[in-house]
1. In whole Å, what are the extents of the range C:149-257 along the principal axes defined by its C-alpha atoms, from largest to smallest?
2. Which whole-number percent gives the relative contact order of chain C, counting Cα pairs below 8 Å spaced six or more residues apart?
3. Which residues of the range C:233-273 bury at least 40 Å² of accessible area once all protein chains are present, versus their chain alone (1.4 Å probe)?
4. Averaging the inverse of every distinct alpha carbon separation and then flipping it gives the Kirkwood radius. What is it for the range A:388-428, in angstrom units?
5. Sequence neighbours fewer than 8 away in the same chain don't count; with that in mind, list the lysines whose C-alpha is under 23 Å from residue B:49.
6. From the P(r) of the range A:644-785, can you give the percent of Cα pairs sitting at distances over 21 Å?
7. Report the dimensions of the range A:308-428 along its three principal axes from the alpha-carbon atoms, largest first, rounded to Å.
8. Could you work out the pair-distance distribution P(r) of the range A:1-126 from its alpha-carbon pairs, with 5 angstrom bin width and percents rounded to whole numbers?
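The values are calculated or read from the model by the stated rules, or taken from the named source; none is laboratory data. Everything quoted here is computed from the prediction, not taken from an experiment. Here the Cβ positions follow ideal geometry from the backbone for every residue, glycine too, while neighbour counts run over all protein chains shown. All accessible areas refer to the heavy atoms of the entire protein, side chains included, with ligands and DNA or RNA removed. Shrake-Rupley method; radii C 1.70, N 1.55, O 1.52, S 1.80 Å.
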Amino acid sequence: MTASRLSSGGSAIDRSRPISFNFDGRTVQGFEGDTIASALLAADVAVVGRSFKYHRPRGIWGAGVEEPNALVDVAGSVRATPNTRATTEPARSGLVAKSVNASPNAAADRNAFIDRFSRFIPAAFYYKTFMWPDWHLFEPRIRAVAGLGKVDPDWKSPGPADQINRHCDVLVVGAGPAGLAAAKLAAGAGKSVILVDDQPLPGGSLLHRDAEIDGKPAAAWIDETAAELKGAGHLVLSSTTAFGIYDHNLIALNQRHNDGRPDTLWRVRSRQIVLATGAIERPLPFANNDLPGIMSADAALAYLRRYAVLVGRRIVVATNNDSAYEVAVALATAGADVTLVEIRKNALPAAPSGVKLLAGRTLVSARGGMRVEGVTLDDGTSLAADSVVVSGDWTPTVHLFCQARGKLAWDETRAAFLPGDPVEGISVAGALSGAVALSDVFSSAAKATSAIGETKTKAPRSTGAEATGGVLAAWPIPGAKGRVWIDYQNDVTAKDVELAARENFVSVEHLKRYTTLGMATDQGKTSNLVGLALMANITGRTVPEVGTTTYRPPFTPVPLASFSGALGGELMSPVRRLPLENVHRANRAVFQEYGGWLRPAHYGGAGADADRTIQDEARRARQSVALFDGSTLGKIEVMGPKAAEFVDFIYYNTMSTLKPGRCRYGFMLSENGVVFDDGILVRLDENRFVVSCSTSHVASVHARLEEWRQDRFGRGAVYIHNATSEMATLTVSGPNSKKLLEALDLGLSLDDADLPHMAIGEGRFGEDAVRIARVSFTGDRSYEVSIRADRAEPLWARMQETGKALDAVTIGLEALMILRAEKGYIVIGKDTDGTTLPHDLGVDGPRTKRKNEYVGRRSLFTDVAVQDSRLQFVGLTVAEGEPPLATGTHAIAKSGGKLRSQGFVTSSYHSPTLGRPIALALIERGASRHGETIDLQHLGMLRHATITGPCAFDPSGERLNA
Amino acid sequence: MQLFTCPFCGPRDETEFHFGGESGNLRPDGTDVTADRWASYLYMRDNPKGAAREIWVHMNCGEFFVMERDTVNHKVETSIALDSAEHA
Amino acid sequence: MTRRYSALSLFKEGLAGQKGWEPAWRSPEPKKTYDAIVIGGGGHGLATAYYLAKNHGITNVALLEKGWIGGGNTGRNTTVVRSNYYYPESVAIYDLAHRLYEGLSADLNYNVMLSQRGMVFLAHSINEMEITARTVNAMQINGIDAEIFSVDDVRRVAPMLNFSPNARFPILGGGWQGRAGTARHDAVAWGYARGASRLGVDIIQNCEITDFIIEGGRCRGVHTTRGSIRADRIGMAVAGHSSVLAAKAGFRLPVNSYALQACVSEPVKPILDTVVLSPGTGVYVSQSDKGEIVIGGALDRIPSYGQRGNLPVLEGVIAGLLEMFPTFAQLKLMRQWAGIVDVVPDSSPIIGESPLPNLFINCGWGTGGFKAIPAGGTLLAHLLATGKHHDISRPFDLDRFAFGRLLDEAAGSGIAH
């Protein structure tokens, strides 16, 4: 036994509540409050994972978010996640943890042999080899050994993650001494405060470092301060990581829960953000500094005081700064045999009691296999050790500051990048600002909150011993012997950085990308600065000349589920629903999504043969009378003194000549001349029109109308109102449509003289006004009856009831599509594409005749618009007995042995009325090629068809009045 | 997530807004407009890096307005209703 | 010094401590005059310099990069290589790129890790299946390998997709290009840089253009932060910053700059072999050789030069991903970034002489520039060397906007870039 749990102590654990979990197949005991890492250490598990590239055995390095080594796949009775940091994940009974990138387990990994070939596979080796004969021969095996954790294919979602939006005056990141003090001061200034910390408990370094505040032990002060904040209604969030600062002071938080719930995403907009994110301890550079049992000194102290775990019996503490002295003394006091190897010769802190001090000495290498066994110093001294705890000084956690566009400034005395010029809305405190002594930390907190407002709270005072910040920079030395690890997870050594420099990858971003330094799941929290400093040293530059990499969100990895929240399934892109949906369902409609609306495709139930049902609906519609729910049709009202002028400008067709009570069909173009939408315009009276547009275009047509109104017409001239969802539109079509409508007794004359084709009438159904538009999308006599959406149900019921005697058929959209295709009526976006101009559809009159301005006009006269090789709208017929053409079939021509597309089939159906296939197409010069038989190709199969006009049924239009 | 200020509704999340184009891109009417002038209106843009003056629409209220902002640091200077802006 | 890359040289260097490698490219001081200047050290600029030297023997070339090579969109994309385009003009340009990619590792003696594991573009409705048929037929007619996939075919290549018929975006099938895949983005930039440098091109980093030297109405060189450099042929390939340079040269472009976001998950063992594109949910996803799930985002809705990730777009993209791959909800997001892309109204590139004579442009690739790097380089090099269009680049000249001859793939095929 080397690492062990002490019989008493441990501020974070509850010894009355033992737990047990599984790690790599063995049972591990622990206590409530343990992390997976602290329980593994207490159980003396040295090897907890394997590195990414060389599969080196690795132990626990840290006690927090910076952990590069201890990653586990978590499963079992808790939320499953691959690549979970053991140092931050609470240990829970029933949890099953598996070391990543190790097979069968971390202790005995069958890919461990790779490390023996490491000299042949340095940084970026893959760019130099695997080219012959072909990369594809190598790639699958490389893919198989790459990656860390495993995704569970049978995983079931515990449900969507919560997402919460908040506003506050001041958000403080980090609940260490600086953050707690800043939050307290801001609260005292009457501001609303949110205090966020990624640990389960507030306190930060105070949880394991000696301190006395306002005459009280630190633990008491933490509890008091947190209780005070909560009591005053401020929000204190634990186990919550502030992972991103976005534009305009939006800060994103990810909150973890200990009960199996998915994490919660918080989006907080704060007037002021105080960053008290602390600092992260760096390793020291020496050969084999990655062996299991070599650990951050601060982490060793955290494990001792929070979890009562003593990491070894014979411990070498190595440092270049003052912070490790407290660690050495504490480890010795806890019973370990401690030797402190101190790089510095002079200006040392007071000698640590109970510790053997070797000043002016440096570690040059460690030895051991699955666990560190000893170290060698620069003078050749060899020391045996079962644990080596190191402090290579502290790197301020500047990530969020940089995300907020903060620039860093190099501080030579602290050998660190610190926040430079202030950023509006952001202030910094504590170790992030360079403070070391607790009194300096508190004054930095006072400074960070000074601009927020006058506070009634007194800043806390440090009344105990103070930490000191003495340090002598210890960066890797170029050319040093052995393998000095810089990025543990990605296996980047000092030699790799030297190789990058040799090959001219000397800019910081090249260094990072070429060696993968800092690109592992820990994002280089312990390694980036070390790599930079080495590169600076090699290339004769200063560290700030080499620069820093860009810090990007997230600060630590965040579950994808947090981002998606409830934005899945039906909520992903909600479909719009018809007012009569339930009625249609009762009538056995089969629904499909069309242009964002859920609409009946056909009736007869899901069990019916869909094709036969649709054919039947289309056939019967022409025989007597068909009922169709056309409520999705756009109904946008345009009114005002300049309404007529406005619709003239909006439409390709002249609309101002339309008489009140009449309808006209027309196109709307985009400014590039392309047909954007088509539909009927109704003129209700002199200054009032209703634009009816395609179902899927209502929102965009409305937006365009508004844009042109505000751009060219103004408030007093035109007013626009989208009434689409206020009205339901029920269509009655077919030879007997008039008969059916007359039986409804809507209080208006339906005589053709009173209500001719392309006219409207006003009537009543019971107490409700109805508008009847005699327009047709089937080619048969048709009436569109519009009524308040909430009163549509009884009208529809009456239509159904009345229709029984007339053998009426209720049709879905698919049958309607056949009916309109028989007539050659277009559907925008299906029979047209983003290049179709109005004259391609055979509507050339306005282009050649109109004298006043309209949207898209000039674009109809460009070189391309007037060329004769344009795709034009036609019909296609196939030889008798042949099946319908597939939609998407291309017309082809051969020139110079090469195939060329001459257009394509846009719509294709079997027509039950005509008893043959019909098709619509856009074909090159099609309008002048009627009668020509052309070649077509679909998935390599050749077909033939003859070009016709688009209209295949009732070309003279007699049925409109039949 | 940026905060934009609608002149009518106040500060709102960026998701409520839609970019309408660069301010001052006047439409030339008529068929005698040269091809280059028309293409310039339709397609050519200053696309400034830094200070920009743009047309935006607040989709919730439907009002178009002029916004001055910085396309690099995303700082928003002003929002002005279309009919009180010297838009052109 | 070891120059040639191979398993053998790697082995020999391994025995010698990897100490004999020469710099991948030289970093000389800029000269006063060159035969040609290429502005922009991204993939397109580097490829232009390389092909100027290789195809045209013009080696007295300066490549000027504001920051560090490969640091713009070349290093910020989702690394997909494909040529499944609709119009013959587009097919010609992307097929040229695709074929050059297929020989690139050998040509450059640099493993760019082209991994042709195929790409499926999903169809979520009958209408989308019809559009897919139209697209696939067009591709087949244009000589591109493309197939229609049934649901079962899709299941075979991407079994973790959500095949529930009740899904918000049910999978009815899709289109497939087997030759599509990914390449290692950094390697493409560095490989071209190394190739160009060996042929004599001076790669000059940290060299920002402050202005153009214009004499007699023609471009004669550039003023830079590292002094004035003259040449009579200047090419620029600066993607999202094209408008900025165009303004200095006195003309405007049909370009808007937007941030395009992308992100990667933590690395996991292989779970996704192909590239998957779902237009309905806006998902564009693959798994890198390292094991990261690489997630392509949609364009931000706000014109911007700020290379910053943003939340709303990211949330929508990830929601789409999890809708398509529900088990990916176990994964964690590791890195989020944004590139500044140059979006043109028809989403097709602009290649040709600019309104300022002697200055040639290559821009407008929008979200799709990476896959086109070898073609962009070949075509701009051809223009710089000959002063004339290659047949393949002719349709992509800036003059198409005045003629109205736009090449809008989305308009024609409904396929997103």
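1. Cα extents, longest axis first: 66, 36, 21 Å.
2. Working: 968 pairs, mean separation 93.2, N = 417.
The value is 22 percent.
3. Residues losing area: C:252, C:256, C:266, C:267, C:268, C:269, C:270.
4. On the way: mean 1/r = 0.0884 Å⁻¹.
Taking every pair of different Cα atoms in the range A:388-428, averaging 1/r and inverting gives 11.3 Å.
5. Straight-distance partners of residue B:49: A:407, B:75, C:66, C:248.
6. Details: 4589 of 10011 pairs.
That tail contains 46 percent of the Cα-Cα pairs.
7. 52, 33, 28
8. 2, 11, 20, 22, 19, 11, 7, 4, 2, 1, 0
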